[in-house]
Amino acid sequence: MATVLPATQSIEVFYPSSDGEPLAETYIHLYAILITLEVLKQYLEGRQATVLADQFLYYAQGLPKLRVAPDVMVIFDVAPGGRDNYKIWEEGQVPAVIFEVTSPGTKEQDQGFKKTLYEQLEVQEYWLFDPRGEWIEEQLRGFRLHRGQYEPITDGRSEPLQLRLQVEDQLIAFYREDNGEKLLIPGELKQALQAEQQARQQAEAQAQQERQRAEQAELQVRQLQQRLRSLGIDPET
């Protein structure tokens, strides 16, 4: 695990949770961040893990200016739920996976300072996502820590998350490795629920029709039996 810089002072230190800067440059970048956050939160629900978006990551106790705000970060072996900010020395865990939704305006920092910092902190995987393909032709580029250094990810999968990643409609699509199922985004979840509800309603309507047909057939049998009895014929013989 990475070594966290020690405290340099004993007085109480204030660690801000906001700098007043916007979450993302454009709606497309913001949407990609929020969808990634929501999908991974649903995927990790019930596990000792948390997913945070655009919250300060403090990595040097006593030095509040030494911070970074990853677009999305996944941390394992910590209590689930949100935080106003994340202090490595308090939580005891470094993020396992970090996503930066990048653009030409953040290119230098994303592939320079942040990549070097995450490597030094021993973040297992670092993913750069360029939803518009403005400087990353393939739009999604990942790095995996190997012997203390980042190496390009060539298999399109996240080992810590056990998910396969690919680009779909300016978003990162996540697929489970155990069964191949896609982790649905909110709009897809709504469609799936509507389809399930419609199928259930159709099944209930079909069952109701079958009950009505059965009742009608039973009624016709009783009417026939009554007619036979009226003619002096025992329908049981």
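Every number in this text was worked out from the coordinates using simple rules, so none of it is lab data. Bear in mind that the values here come from a model prediction, so they are computed numbers and not experimental data. Every residue, glycine as well, gets a Cβ built from its backbone with ideal geometry; the counts of neighbours run over all protein chains shown.
Here are a few things to note about the model shown:
- Summarising the amide proton neighbourhood of Val123: residues at separation of 5 or more, or on other chains, whose placed amide H is nearer than 5 Å comprise an empty set.
- The chain: most fluctuating residue of Arg176, Arg157, Arg227 per GNM, C-alpha cutoff 10 Å: Arg227
- Here the chain carries DSSP beta bridges of which approximately 75% are antiparallel, counting only pairs with both residues inside.
- Using R0 = 25 Å, the C-beta based FRET efficiency linking Leu30 and Arg164 works out to 0.55.
- Backbone phi angles across the stretch 26-31, fed through the Karplus curve with coefficients 6.51, -1.76 and 1.60 (θ = phi - 60°), yield HN-Hα couplings of 9, 4, 4, 5, 4, 4 Hz in residue order; Gly and Pro are listed as x.
- With θ taken as phi - 60° and the Karplus curve 6.51 cos²θ - 1.76 cosθ + 1.60 applied, the whole-hertz 3J(HN,Hα) list for the stretch 121-135 is 6, 6, 5, 4, 9, 10, 10, 10, 10, 10, x, 8, x, 7, 9 Hz, x standing for glycine and proline.
- Positive dipole terminus of the chain, leading residue within Gln212, Tyr86, Phe76 (C-beta point charges): Gln212
- Considering only Gln209, Gln170, Gln93, the mean-square fluctuation computed in a Gaussian network model of the chain, springs between alpha carbons under 10 angstrom, is largest for Gln209.
- Length gained when the stretch Arg83-Glu21 is fully extended (0.36 nm per residue, less Cα-Cα span): 20.5 nm
- Cα gyration tensor shape of the stretch 48-102, rounded if a/c is under 1.5, else prolate or oblate by comparing a/b with b/c: oblate
- Using Cβ point charges alone (K and R +1, D and E -1), the dipole size of the stretch 63-129 about the Cα centre works out to roughly 240 debye.
- Full extension of the chain between Lys107 and Phe14 yields a length gain of 30.5 nm, computed as 0.36 nm times the residue separation minus the alpha carbon distance.
- Net dipole in debye of the chain [+1 Lys, Arg Cβ; -1 Asp, Glu Cβ; about Cα centre; nearest 20]: 560
- Judged by the gyration tensor of its Cα atoms, with axes a ≥ b ≥ c, the chain is prolate; a/c meets the 1.5 cut and a/b is the larger of a/b and b/c.
- Value of [θ]222 nm, deg cm²/dmol, for the chain, DSSP H segments ≥ 4, -39500 (n - 2.57) each, nearest 500: -11000 deg cm²/dmol
- Highest mean first, the peptides 146-156, 56-66 sorted by other C-beta atoms within 10 Å per residue fall in the order 56-66, 146-156.
- For the chain, averaging the sequence separation of C-alpha pairs within contact (under 8 Å, six or more residues apart) and dividing by the residue count gives a relative contact order of 14 percent.
- Placed amide H near Val78: partners under 5 Å, 5+ positions off or other chain: Ala49, Thr50
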